[in-house]
1. Would you tally the residues in segment 92-107 being in a helix (DSSP H, G or I) and either in contact with an Asp or Glu (Cβ under 6 Å, 6 or more places away or on another chain) or not aliphatic (A, V, I, L, M) (or both)?
2. Within the bounds of segment 32-49, is there any residue that is under 30 Å from ARG147 (Cα atoms) and among the polar types (S, T, N, Q)?
3. If you go through segment 98-106 one residue at a time, do you hit one that is modelled with pLDDT under 95 and open to solvent by 20 Å² or more (accessible area, probe 1.4 Å)?
4. Taking into account only those residues within segment 27-39 that are assigned to a loop (DSSP other than H, G, I, E, B) and under 23 Å from ARG49 (Cα atoms), which is nearest to the chain's Cα centre (by Cα)?
5. Does TYR53 satisfy being within 16 Å of the chain's Cα centre (by Cα) and in contact (Cβ under 8 Å) with a residue 12 or more places away in the chain?
6. SER154 fails exactly one of the following numbered conditions: (1) assigned to a loop (DSSP other than H, G, I, E, B); (2) at pLDDT below 95. What is the number of that condition?
7. Name the residues in segment 108-141 that are open to solvent by 50 Å² or more (accessible area, probe 1.4 Å), farther than 13 Å from ASP44 by Cα and either assigned to a loop (DSSP other than H, G, I, E, B) or touching a residue at least 12 places away in the same chain (Cβ under 8 Å) (or both), would you?
8. State which residue is nearest to the chain's Cα centre (by Cα) when the search covers only segment 64-81 and only residues that are of a type in the set (A, V, I, L, M, F, W, C), surrounded by fewer than 21 Cβ atoms within 10 Å (Cβ to Cβ) and in a loop (DSSP other than H, G, I, E, B).
Amino acid sequence: MHLVLDYGGVIVEHDAEREQAHILGVDSETEPYPRWLAYFAFRDGFVQRTAEYVELLSTLTGASHDACREYLEKTWLDPELPEKHVDVLRDLADDHTLVLFGNMVRPWIETVLSEYGVRECFDNLVVSSDLRRPKSHPKGYFECLPRATNQSPSSATSATRTS
């Protein structure tokens, strides 16, 4: 079976990042929240690397690069991934094709999954930063579909519907 799993809220749980706003020296009630602006730029492909995210976050908040990296470490790179989730992912990966579909950026997801030893459970990562479109853009769902090889388009479509 081909299973598509969401990242945030399903595989991992992130703490409320506004609780770490003090690291950036910003009020957690600021709207628009500067961290979200920098994140959206990364998620949507305007920023391509973590270093660029840190630079943009620093520019938006006035915080040092070190403070921005600390903020990143305590928020998006330190989610909770319960051991029972790790066990379930490994069990599912033994018998199924797993695809992660997340509204996040690839390097952060890969870092977290690798740290927990479950990156190899996923056959594919479909992430907003690669698509340059936020979830739930249809392109993401299309990228999650199983790929048929050596089939005509009609049989590939049929195989997709029954998988």
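The values are calculated or read from the model by the stated rules, or taken from the named source; none is laboratory data. What you are looking at is a predicted structure, and each value in this text was computed from that prediction instead of being measured. Cβ coordinates were reconstructed from backbone atoms using ideal geometry, including for glycine residues, and neighbour counts include every protein chain displayed. Note: accessible area is taken over every heavy atom of the protein model, side chains too, but ligands, DNA and RNA are not part of it. Shrake-Rupley method; radii C 1.70, N 1.55, O 1.52, S 1.80 Å.
1. Selection size over segment 92-107: 4.
2. Scanning segment 32-49, I find at least one residue that is under 30 Å from ARG147 (Cα atoms) and among the polar types (S, T, N, Q), so the answer is yes.
3. The answer is yes; a qualifying residue exists.
4. Going through segment 27-39, the residues assigned to a loop (DSSP other than H, G, I, E, B) turn out to be 27-33.
From what is left, the residues that are under 23 Å from ARG49 (Cα atoms) are 32-33.
Details: PRO32: 21, TYR33: 19 Å.
Per the stated criteria, the residue is TYR33.
5. Values: within 16 Å of the chain's Cα centre (by Cα): yes; in contact (Cβ under 8 Å) with a residue 12 or more places away in the chain: yes.
So TYR53 fits the description; yes.
6. Of everything listed in (1) assigned to a loop (DSSP other than H, G, I, E, B); (2) at pLDDT below 95, SER154 misses just condition (1).
7. Matches in segment 108-141: GLU110, THR111, TYR116, GLU120, ASP123, ASN124, TYR141.
8. By that ranking, first place goes to LEU77.
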